[in-house]
Every structure is written in C-alpha cells, then in structure tokens.
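The values are calculated or read from the model by the stated rules, or taken from the named source; none is laboratory data. As the structure is a computational prediction, the values presented were derived from the model and not from experiment. Cβ: placed from backbone, ideal geometry, glycine included. Neighbour counts: every protein chain shown. With ligands, DNA and RNA removed, areas are computed over all heavy atoms of the protein, side chains included. Shrake-Rupley method; radii C 1.70, N 1.55, O 1.52, S 1.80 Å.
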Amino acid sequence: MSGSLGSVTALSRAAAEARRRDAELWPVLAWQPPGGELATRRSPAATLTVDEWQRMARQRLLDVLDEVFGDVGPGTPVHGLVVRGTPGLSLVEVADRDDDVLVVGAGRRGWRRAFSGRVARYCLSHARCPVLAVPPSPLEETLTAAHRRNSWHLPLDSRQLS
C-alpha cells in the first residue's frame, strides 16, 4: 500500500472483495529504512530516525486511506497495518491464514513487466492463502506514456489522454 496508482487500484479491489465476502479489510504498508536495515545499525542516531520513518509510514497509510475512501469509508471494517520489512515477505506474513485473500497490484504490462511486479510474484509463489493479482489501471498506462513523452520532450496531444 505505497500510494502508487497500482496499489490504490489493488486497495479499491480489495475493499470490493471484502464487502462481497463480508470480511475485514487489512491494508498493509510495508517499509524499510532508506539504505536498508544495515544502514540503521551503523548510526547512533538511527533510533530517532527510525521512529520518524515509522511515523511517516503510518501517516502515509492514513493519507492513502483517506484519499481512496474519504469520509464514507470502504463499507467494511478496516484495520490498517504498518510493518517494517520488505513488502512481499511482510504481506505474506500478515495474510497467513487459509481463509485470508491477499490482494496485490500485478505490476506493469508490456516489456517493462520484467522489471516490475516483484512483490506480486513473490506473493504468488510464497503465500499460504489465495492471491488476487490486480492488473494495472488503464489510466496508469496512459499517465506513464504521457510522462515518457514529456521526459523525452516530445509533443503531447491532450486528446490522447481521454
């Protein structure tokens, strides 16, 4: 639950799935300190920094939930969870019961897929419960193409964004 367009698409689908199953929604934001765990052990001030990163991760999760669901909520009980660790492993450890359903974004389509979707692939191969891999939103592909054209300084016709 990084707040990326792919994770927001997966969160929306997870909420719909939770409502359909009359289940609870457990959005998870997994985080690691910049530079990894080893970098935090080297610095004597790391404890203060780690606490701040943890606070920022919690706030990011709350912000994303608010952006996606607003005041209305997802229509099912929500239990947001912030976990310190790698995303794939953290998700698999949280969704550890047979009756859980793990919902993840499937990553990008096309030739860039080889470099994306690592979390989804990890979850699909290691989860003990069913995994629903949600394909990217068509909007994500359109925005990626527009960004690519912009970064290459190519002309962009706004009619292509519809």
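Residue count for the range 14-40, restricted to those that are open to solvent by 70 Å² or more (accessible area, probe 1.4 Å), at pLDDT 95 or above and within 18 Å of Pro87 (Cβ to Cβ): 1.
Report the residue count in the range 62-93 for those that are touching a strand residue (DSSP E or B) at 6+ places or on another chain (Cβ under 7 Å) and either farther than 15 Å from Ala14 by Cα or assigned to a strand (DSSP E or B) (or both). So the answer is 9.
Sub-7 Å Cβ pairs linking a first residue in the range 122-143 that is more than 13 Å from Ser7 (Cβ to Cβ) to a second residue that is of a type in the set (Lys, Arg) and exposed (fewer than 13 other Cβ atoms within 10 Å of the Cβ), at least 6 apart or interchain, are Cys129/Arg97, ordered by first then second residue. Name the single residue, out of those in the range 41-61 being modelled with pLDDT of 80 or more, among the aliphatic types (A, V, I, L, M) and out of contact with any Ser or Thr (no Cβ under 9 Å at 6 or more places or on another chain), that is farthest from Ser12 (Cα to Cα). By that ranking, first place goes to Met56.
Can you tell me which residue is surrounded by the fewest Cβ atoms within 10 Å (Cβ to Cβ) among those in the range 118-132 that are part of a helix (DSSP H, G or I) and of a type in the set (D, E, K, R)? Quick ask: steps written out before the conclusion?
Step one: filter the range 118-132 for residues part of a helix (DSSP H, G or I), giving 118-126.
Cutting the leftovers down to of a type in the set (D, E, K, R) gives us 118, 121.
On the way: Arg118: 12, Arg121: 15.
Across the range 118-132, the extreme among qualifying residues is Arg118.
Scanning the range 12-26 for residues that are part of a loop (DSSP other than H, G, I, E, B), touching a Pro at 6+ places or on another chain (Cβ under 9 Å) and not acidic (Asp, Glu) returns a single hit, Ala23. Taking (1) of a type in the set (Gly, Ala, Ser); (2) more than 21 Å from Thr144 (Cα to Cα); (3) modelled with pLDDT of 90 or more; (4) surrounded by 14 or more Cβ atoms within 10 Å (Cβ to Cβ) in turn, Gly75 satisfies each apart from (4).
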